[in-house]
Structures are given as structure tokens and as C-alpha cells.
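See below for the structure under consideration.
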Amino acid sequence: MTTSSSSTRPPQASDGLWQTRLRASLVVLAAFALGLVLGLKRPSPLLAIAIVGAVAAILFALAICRRRRRPPPARLRPLGLSAVFSVKLDGGTLILGRGQHCDVTLPLETVSAEHCRVFKTPSGWFVEDLGSRNGTRINGKPIRKRRLRIGDTLSVADFEFRVC
């Protein structure tokens with residue numbers, strides 16, 4: 001099996017950025033809510049501005065929360081083997097199979113010569129079965145093509161990998 005050493009992902013500056021923006025938008029929302037309460041006591045054009053501002057702050061906070069995404073999968077780690085062995089997902093297409101020409105060679109008769117391919121698109125990592133005899137499964141369910149998510153178990157015939 002072709003493998004590479006595992007390494008930890010360095011912390012990224014954007015990891016906590018959504019939380020900071022959410023807090024800031026909630027402060028703005030509280031300020032507009034205060035303006036709304038004061039506007040109800042003395043009706044004025046400020047009331048309309050406070051209502052529009054409060055709605056804008058709520059929509060801004062919801063948009064920030066919606067943009068938060070989990071990091072994309074980075075490795076396929078074989079289950080049952082030492083954690084030092086893993087297949088790094090680094091941006092290209094990987095062919096998994098029994099053939100010597102495959103990017104990841106799995107030397108078992110139950111694995112087809114070209115069993116499946118793992119590839120990256122702008123929307124994430126996908127796995128596609130290449131017409132194998134014994135099939136490709138994610139979390140125990142047979143697939144033809146499906147997106148990989150962190151925590152999934154990818155089964156290639158009798159080999160199992162944890163997506164991490």
C-alpha cells in the first residue's frame with residue numbers, strides 16, 4: 001500500500017473568525033434593539049432606521065453562521081493499522097486498486113485492478129466506484145459516486161479507511 005506519514009493540520013487564522021464576527025453582529029443587534037425600544041417611546045424616523053438595522057444585523061449574523069464549514073478531508077487512514085500510515089489527499093486524483101499502476105495499491109484478490117477513484121472538485125472530495133466487482137461502500141452503503149466527509153468509513157472490497 002502506498003502511504004505517507006501523518007501530520008497535524010496547523011491552526012488557521014480563520015478558524016475562530018466566524019465567532020468573532022458573530023459576537024460583533026450580536027453587539028450591533030443589541031444596539032439596534034436599544035434604539036428600537038427608545039424609538040417606541042418617542043415615535044420618529046429613527047424607529048424605521050432601528051428596525052431596518054435590526055433586521056440587517058440578524059441577517060448578517062445568520063449569514064456568518066451559515067458560512068462556517070468543516071475543514072475538507074485531508075487523509076484516508078486505514079482502519080486496524082498504525083496511525084502513522086495514511087493516504088494524503090493533496091489535490092489530485094487518486095486511483096485505488098490492485099494494479100501496480102494505481103496511486104494506492106491494495107494487494108488483495110477481492111480488489112479490482114482499478115477499483116475506485118478519489119478526486120477533488122470545488123465543492124469537496126468525492127469517491128467514485130469504477131465498476132468494481134466487489135463494490136465501494138461509504139459507511140456500509142454501496143455507492144457509485146458520493147462526497148467524502150470527515151468521519152466517513154470508505155470500504156474498498158475488504159479494505160477500510162477512515163476519512164480524517
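Here is a list: LEU47, LEU22. Which entry is within 26 Å of the chain's Cα centre (by Cα), farther than 30 Å from PHE126 by Cα and at pLDDT below 70?
Details: LEU47 fails: within 26 Å of the chain's Cα centre (by Cα).
Sole residue among the options that is within 26 Å of the chain's Cα centre (by Cα), farther than 30 Å from PHE126 by Cα and at pLDDT below 70: LEU22.
Name every residue in region 50-81 that is closer than 21 Å to LYS120 by Cα and either modelled with pLDDT of 85 or more or not in a helix (DSSP H, G or I) (or both), in order of residue number.
Selection gives ARG68, ARG69, ARG70, PRO71, PRO72, PRO73, ALA74, ARG75, LEU76, ARG77, PRO78.
Does VAL163 satisfy being in contact (Cβ under 8 Å) with a residue 24 or more places away in the chain, under 15 Å from PRO78 (Cα atoms) and touching a Pro at 6+ places or on another chain (Cβ under 6 Å)? Step through it out loud before you land on a result.
On the way: in contact (Cβ under 8 Å) with a residue 24 or more places away in the chain: yes; under 15 Å from PRO78 (Cα atoms): yes; touching a Pro at 6+ places or on another chain (Cβ under 6 Å): yes.
Yes.
Output the qualifying pairs, or none if there are none: Cβ atoms under 6 angstrom, residues six or more apart or on different chains, first residue in region 129-145 and surrounded by 12 or more Cβ atoms within 10 Å (Cβ to Cβ), second residue of a type in the set (Ser, Thr, Tyr) and part of a loop (DSSP other than H, G, I, E, B).
SER132/SER112; ASN134/THR110
The values are calculated or read from the model by the stated rules, or taken from the named source; none is laboratory data. Keep in mind the model is a prediction, meaning the values are calculated, not measured. In this analysis, Cβ positions are derived from the backbone assuming ideal geometry, glycine residues included, and neighbour counts consider all displayed protein chains.
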